[in-house]
Amino acid sequence: MNGFLRTVREEKTPAGSAAVWWLGQMGLMIRLGEMVLCVDYYASGSPDRRFLPPVPVDEVTDVDVFLGTHDHLDHMDHAAWRVWAKKCPNAFFVFPRAHLASVLRDGVRKEKCLCMDDGETVKIGNVTVRAVAAAHEFLRRDPASGAYPCLQYVIEGNGVRLYHAGDTLRYEGMLPKLKALGPIDFALLPINGRDGERYRRDCIGNMTFQEAADLAGELRPGLTVPGHWDMFANNSADPEAFADYLDAKYGGEVPCLIPKAASLIRVSASGRAG
Ligand SMILES: [Zn+2]
Ligand SMILES: [Zn+2]
């Protein structure tokens with residue numbers, strides 16, 4: 001087994017804790033009790049990426065659940081999903097219902113597809129995943145399926161609750177939906193923002209670092225981690241500016257960590273802001 005994945009499997013997560021490894025951009029590997037989940041892992045090579053994937057595509061094994069928030073290369077990496085459908089035949093794949101046809105084309109068996117839409121919940125073993133619509137950059141439904149093509153996930157298990165924001169802006173009603181799911185112990189938020197130059201080249205946007213900091217300031221996760229700033233030079237933001245703004249505006253009351261790729265982040269329910 002790949003050395004990193006052996007570490008993930010061997011990491012102990014007592015009740016009330018999780019182990020999380022950021023894999024670049026919005027990618028996460030999560031150990032929750034006995035389960036290993038892999039979210040939005042962009043594992044394929046590309047000349048534009050600033051660093052190699054921490055785990056090569058074909059060394060990813062022993063993952064129980066793969067999750068993708070939306071059908072962009074750096075989130076639902078179809079080339080990788082085609083490999084993982086074969087390498088991890090027992091794994092479940094969680095993704096927005098609007099993308100079912102493309103995931104079936106990846107070779108994922110229908111009984112392993114867990115399609116989601118806004119407000120829906122799936123349970124996999126002791127882990128519960130709840131979906132919230134994402135506004136990337138618009139809050140629109142897919143005309144064919146009627147479902148939201150971009151989602152955020154709140155993942156709960158082992159006594160902790162983790163929030164993966166996918167790619168999104170903050171929209172009217174989003175914060176109450178998230179708050180209704182209960183206190184968040186860990187949040188990964190995109191901070192790369194948006195502008196005309198990126199929009200003109202079909203690069204739709206995310207929260208600015210200030211908007212992401214304000215979401216964290218109101219949601220009060222036990223730990224907030226900025227994402228989506230590292231992978232592409234032409235679609236980036238400064239995580240230090242995010243951390244500084246969050247600290248200044250909220251008086252240091254919202255713990256924040258600027259992640260290093262593939263290094264362990266321990267999450268505990270005891271850090272909850274309530
Ligand atoms: Zn995207
Ligand atoms: Zn993205």
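Quick note: the coordinates plus some simple rules give every number you see, no bench work behind them. Computed from a prediction, not measured in an experiment: that's the story for all the values here. A quick note on method: Cβ atoms are made from the backbone with ideal geometry, for glycine too, and the neighbour counts reach across all protein chains shown.
Quick notes on this one:
- Rounded to 5, percent antiparallel among DSSP beta bridges of the chain: 60 percent
- Separation between Cα centres of region 86-103 and region 171-223, rounded to whole Å: 25 Å
- Electrostatic tally near R97: other residues with Cβ closer than 9 Å to its Cβ, Lys and Arg +1, Asp and Glu -1, net -3.
- Sequence-separation-based contact order of the chain, relative, with Cα cut under 8 Å and 6+ spacing, percent: 18 percent
- Comparing A85, N206, P176 along the charge dipole axis of the chain, the residue lying farthest to the positive side is A85, per the Cβ-charge model.
- Farthest positive-ward along the chain dipole, Cα basis, beta-carbon charges - from I30, A216, V108: V108
- In terms of overall dimensions, the C-alpha atoms belonging to region 1-70 reach 41, 27, 17 Å along their principal axes, ordered largest to smallest.
- The magnitude of the dipole of region 151-204, with charges of +1 and -1 set on the Cβ of Lys/Arg and Asp/Glu and taken from the Cα centre, is near 100 debye.
- A cut-off under 12 angstrom between Cβ atoms defines the neighbours of A80, and their net charge, with Lys, Arg +1 and Asp, Glu -1, is -3.
- Charge dipole (the chain, unit charges on Cβ, about Cα centre) - positive-most of L189, G251, P14: P14
- Net charge of Cβ neighbours under 10 Å - reference K177; Lys, Arg +1; Asp, Glu -1: +1
- Across the alpha-carbon set of the chain, the Rg to Rh ratio works out to 0.93, Rh being the Kirkwood radius.
- Expressed per residue, the C-alpha convex hull volume of region 5-130 stands at 105 Å³.
- Dipole size of region 3-258 about its Cα centre, with +1 on Lys/Arg Cβ and -1 on Asp/Glu Cβ: approximately 740 debye, rounded to the nearest 20.
- 222 nm mean residue ellipticity, helices alone, for the chain (DSSP H n ≥ 4; -39,500 (n - 2.57); rounded to 500): -5500 deg cm²/dmol
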